[in-house]
1. Out of everything in region A:15-41 that is of a type in the set (D, E, K, R) and outside any loop (DSSP other than H, G, I, E, B), what residue ends up being nearest to the other protein chains (Cβ to nearest Cβ)?
2. Test of understanding: among A:Ser50, A:Ser101, which residue is polar (S, T, N, Q), modelled with pLDDT under 90 and out of contact with any His (no Cβ under 8 Å at 6 or more places or on another chain)?
3. Here are the criteria: (1) within 24 Å of B:Ser165 (Cβ to Cβ); (2) touching a helix residue (DSSP H, G or I) at 6+ places or on another chain (Cβ under 9 Å). Tell me which single one B:Lys233 does not satisfy.
4. Consider only pairs whose beta carbons are under 8 Å apart and that are at least six residues apart or on different chains; among these, list those whose first residue lies in region A:93-110 and is part of a helix (DSSP H, G or I) and whose second residue is among the basic types (Lys, Arg).
5. Are any residues in region A:1-14 at the interface with another protein chain (Cβ under 7 Å from one of its Cβ atoms) and within 11 Å of B:Leu62 (Cα to Cα), and if so, which ones?
6. All but one of (1) surrounded by 13 or more Cβ atoms within 10 Å (Cβ to Cβ); (2) more than 21 Å from the chain's Cα centre (by Cα) hold for A:Lys79, so report the exception by its number.
7. Scan region B:204-222 and tell me whether some residue there is modelled with pLDDT of 85 or more, surrounded by fewer than 18 Cβ atoms within 10 Å (Cβ to Cβ) and in contact with a Pro (Cβ under 8 Å, 6 or more places away or on another chain).
Amino acid sequence: MIGTLIVIVFVIIGYVLGSDIVVPYAFTEYIAVAILAFLDSLFGAAAANSQKKFSIVIFITGFFGNAIIAIFLVYLGQKLNMDIYLAAVIVFSSRLFNNFSIVRRSIIEDIENKRKEKKKTKIVK
Amino acid sequence: MAKKSEKTSTEKSTKTTKVTKKIDVTSIEPIDKDAKKEEVVQTKSQEKVRIDAKKIRTYILLGIAAFAFTLIISAQLNTVSNTDIIAEGMREAELLSELAKYKEQLENLQEDYEDSKEIVEEYKSNASTNDALIASMTAELNAASALAGLVNLKGEGVVITLYDSTTTASDLSIEAGLVHDTDLVAMVTELKAAGAEAISINGQRIIATTPIRCVGPTIQINSVKVAAPYYIKAIGNAQYLESALNIRGGIVSSLRSYGITIEVTRQSDIEIEKYDGSYKLRVAQVVK
């Protein structure tokens, strides 16, 4: 409960602070890619959590490291006049879908296991 | 290190859940194992404290990540909603192509503008030349019509009034006391010789084809019959005209000798009406 509260407070603070910021339009591309990197990290965390392999350090480093690399790719792509950031976009999106499928499967497995347990308990009773 | 500790913590948490399950299982058993239960509860609470501290740290880190994420997303949404409708949702490439399109349009429009500007310039120069031509032509026409007697003219000049003789001289016939067509012709010729620029007799403008001819008791001028008294108006240098008429031995004195009353008055502002008859040349053709 406390943990979720902390996270919610941080989310609210972030939203309130962010709503006052107007980024120069040229930077919106960078930020879009960074958002995608963040989303990828979040889904990766969810997948790791579902497999009981979640590590906060790995999550945090991946969260910010991926975003920084994605932004760097956008920058490099603009310098070289080549849309390198597309690589980051594709990788992040595909990983996002993979992680989502992992989460989905684990949840479904959990639900099925619970059902089986219930049946077993019923049989026991 | 942190990674390892995390792993161990998760392992521990799983262990604790197992432990609690065991406790649940044991709790269903008879109550003679109270002491054991208390011990287990104590260890459970100790572990809980440790896990809570770890959990809170984890959640704070998660919160920081969430903070960064929401901050960036709200800033991005804010920016995108604040930008122009045209730019919204367009990538740089699209905008560039759009820009190129508009540039092309601009160039086309500029070309059109240049073309129409040239046309306007042409028209303007033509108009100016036309204007000059028209002006010179109108000036010419005005001069020609003034000479031809097709316009009213005004200026200084003399007005001559001729009355038939009321008293006949003893040694002359009555006819001699009348103003004849030849008298008028002589008068007109004299005025022309003195530099008259426009002459009219009783409102009839004297033009190149004007006849002055005796028609019975009247005189025909421009197919109109006029009778005495005759008012001759002439525009020109009034002094020259007057002196030309009044010269000793001139036309006025010779006519007066016949008993004809002649009055010559100088006027500064005479208006002579235009020739109002037909001036169509039926036979003569302009030689080109």
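1. A:Glu29
2. Values: A:Ser101 fails: modelled with pLDDT under 90.
From the options A:Ser50, A:Ser101, the qualifying one is A:Ser50.
3. The single condition B:Lys233 does not satisfy is (2).
4. Correct list of pairs: empty, since none qualify.
5. Listed by number, the residues that qualify are A:Gly3, A:Ile6, A:Val7, A:Phe10, A:Val11.
6. Of the numbered conditions (1) surrounded by 13 or more Cβ atoms within 10 Å (Cβ to Cβ); (2) more than 21 Å from the chain's Cα centre (by Cα), the odd one out for A:Lys79 is (1).
7. Checking region B:204-222: at least one residue is modelled with pLDDT of 85 or more, surrounded by fewer than 18 Cβ atoms within 10 Å (Cβ to Cβ) and in contact with a Pro (Cβ under 8 Å, 6 or more places away or on another chain).
A quick yes/no check of all residues on (1) at pLDDT below 85; (2) under 15 Å from B:Asp183 (Cβ atoms):
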residue: B:Tyr230; (1), (2): no, yes
residue: B:Leu245; (1), (2): no, yes
residue: B:Ser254; (1), (2): no, yes
residue: B:Glu273; (1), (2): no, no
residue: B:Asp276; (1), (2): yes, no
residue: B:Val283; (1), (2): no, no
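The values are calculated or read from the model by the stated rules, or taken from the named source; none is laboratory data. Small disclaimer: the values here were computed from a predicted structure and weren't measured. Because the Cβ atoms are built from the backbone with ideal geometry, glycine has one as well, and the counts that use them run over all protein chains shown.
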